[in-house]
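See below for the structure under consideration.
What follows is calculated from the coordinates using simple rules that are stated; it is not laboratory data. As the structure is a computational prediction, the values presented were derived from the model and not from experiment. For neighbour counting, all protein chains shown are included, and Cβ atoms are generated from backbone atoms with ideal geometry for every residue, glycine included.
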Amino acid sequence: MRALILTFGTKGDIEPYVALAAALNAAGHEATIGTAGGFEQDVRELGVDFVPSNTRMLELMQNLLPTMAGPSDLTKTMKAMTESMREAFDDQLRAVRSTHPDIIVYHPKCLGAPHLAEYLGIPAVLSIPLPFYTRTSAHPVPFIPRSMGPRLNRLSYQLGRSSSLLYGGMINDFRRKLDLGGLPRWADPLRNPDGSPVEILYPYSRHVVPIPDDYPPSAHVTGYWFTNRGAGWEPPPELRDFLSAGEPPLYIGFGSMGFGKGADDRGESITAAVKTVGQRAIVATGWGGVSVGGSDDILVIDGAPHDWLFPRVSAVVHHGGAGTTGIGLASGRPTLVCPFLGDQPFWANRVHELGAGPPPLPRAEISADSLAERIGELLTTGSYRRTAARLAELISAENGTARAVEILERLV
């Protein structure tokens with residue numbers, strides 16, 4: 001089986017799909033990742049073939065996110081993003097022509113993927129690491145913070161059609177290039193052109209988000225897809241020395257949430273909070289979400305493989321990205337989530353509802369006092385540690401990539 005996996009996002013978004021590609025290769029298949037050029041080395045390090053796709057979209061994110069003051073600035077980027085999306089369609093077409101796949105697995109931001117699969121007459125499998133597309137009465141889409149009741153919960157999944165509505169013209173231009181018929185702007189992303197259901201792979205654990213009773217057979221919650229990238233990683237001497245110099249420190253990092261105008265304030269809050277609770281900390285700066293100076297008790301790093309670092313710390317504080325949340329829980333570490341936007345409040349609430357960490361501390365509420373209070377609760381509440389350890393055992397018993405490979409083999 002030749003599988004083309006088209007995906008897009010930050011490093012944490014890409015990692016699950018690289019893990020799937022590596023598992024496909026290990027099972028005797030041929031997998032290729034199509035994503036932004038900046039991740040080529042990360043992909044090839046795990047022995048996975050690579051084709052460039054969506055590079056300009058990533059460059060826009062990297063250049064714009066560190067200077068954004070907040071979500072309101074997003075409107076300023078829409079024109080540039082639309083142009084980059086048109087380029088991405090052509091990138092995806094070139095990826096298909098160079099790999100001749102038997103199946104395409106795609107992140108929903110790769111808008112051309114299902115149409116390319118239709119053009120080739122091969123299966124297309126949607127994949128996203130959060131419960132966004134499959135309609136259910138159990139909970140609303142992850143971008144709505146609380147349940148609205150069964151009927152409205154289910155209705156909220158109409159948001160899944162937003163890509164068809166917003167980019168329908170662009171999609172139909174691409175379909176004409178492929179000699180395919182046009183689609184209505186309100187096309188259902190869960191239905192193939194022949195009316196059959198779109199198969200969806202959800203790479204998260206059923207122990208973190210239970211599988212609703214009303215999920216159809218086409219929705220597969222497989223378990224997490226982890227790369228185990230840290231297995232062969234050698235830490236720099238300063239990180240190894242800091243870890244060995246005392247009790248396991250706290251980890252604090254906000255990943256790609258580079259809202260630069262607040263980075264200095266967050267750094268000052270972190271420094272003061274760490275001093276207040278008397279805890280050593282490793283702070284990861286990521287894409288500029290935090291600007292902080294090092295000290296005897298604070299080690300500042302750009303980043304490190306989470307599967308290597310998290311088992312070596314006492315607890316984790318992060319923004320609530322799906323991948324970071326998953327590896328934190330899989331590492332058995334109590335977790336404080338400081339959500340910024342998107343699906344992050346959803347994961348923040350899940351961590352607290354599961355009993356693996358204190359109530360979320362939203363980005364706008366971060367201060368020296370509030371952060372110190374939450375960190376103190378995180379470190380001193382024994383039930384958080386016990387619950388996180390129990391969740392880690394349950395997650396480790398799953399093999400998400402193996403389950404996904406089985407499903408793809410059946411479809412081909």
| message | I need VAL221, VAL277 ordered by Cβ neighbour count within 10 Å, fewest first. | response | VAL277, VAL221
| task | Determine the distance separating the Cα centre of the range 303-331 from the Cα centre of the range 1-51; give it in Å without decimals. | result | 21
| remark: Using alpha-carbon positions, the gyration tensor of the range 1-55 gives root eigenvalues a ≥ b ≥ c; with a/c under 1.5 called rounded, otherwise prolate if a/b exceeds b/c, else oblate, the class is prolate
| query | Relative contact order, percent, of the chain when contacts are C-alpha pairs under 8 Å separated by at least 6 residues? | reply | 15
| So for the chain, taking the charge dipole from beta-carbon charges (+1 Lys/Arg, -1 Asp/Glu), which of GLY232, PRO52, MET170 sits furthest toward the positive end? | MET170
| (1) 133; (2) 166; (3) 153, with the label sought being that of the calculated volume of the Cα convex hull per residue in Å³ | (1)
| query | Once every DSSP H run of n ≥ 4 in the chain is given -39500 (n - 2.57) and the sum is divided by its residues, what mean residue ellipticity at 222 nm do you get, rounded to the nearest 500 deg cm²/dmol? | reply | -12500 deg cm²/dmol
| request: Figure the gain on full extension for ASP265 and ASP179 (residue separation times 0.36 nm, minus the Cα-Cα span) and round it to one decimal in nm. | output: 25.6 nm
| field | Spacing of the two label points (7 Å from each Cα toward its C-beta) at ARG146 and ALA272, in nm | value | 2.9
| Can you list the trypsin sites (Lys or Arg not before Pro) in the range 123-178 that are in a DSSP coil and have 16 or fewer other beta carbons within 10 angstrom? | ARG146
| query | Can you sort ILE395, ILE366 by how many other beta carbons sit within 10 Å, fewest first? | reply | ILE366, ILE395
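Compute the Cα gyration tensor for the range 231-396, then decide on rounded, prolate or oblate, letting a ≥ b ≥ c be the square roots of its eigenvalues: rounded whenever a/c is under 1.5, prolate when a/b is larger than b/c in the other cases, and oblate in all that remain.
Cα axes put the range 231-396 in the rounded bin.
Looking at the chain, what % of its DSSP beta bridges pair antiparallel, to the nearest 5?
Here the share of antiparallel DSSP bridges comes out near 5 percent.
Note down the relative contact order for the range 231-396 as a percent, whole number, built from C-alpha pairs under 8 angstrom at least six residues apart.
About 22 percent, as a whole number.
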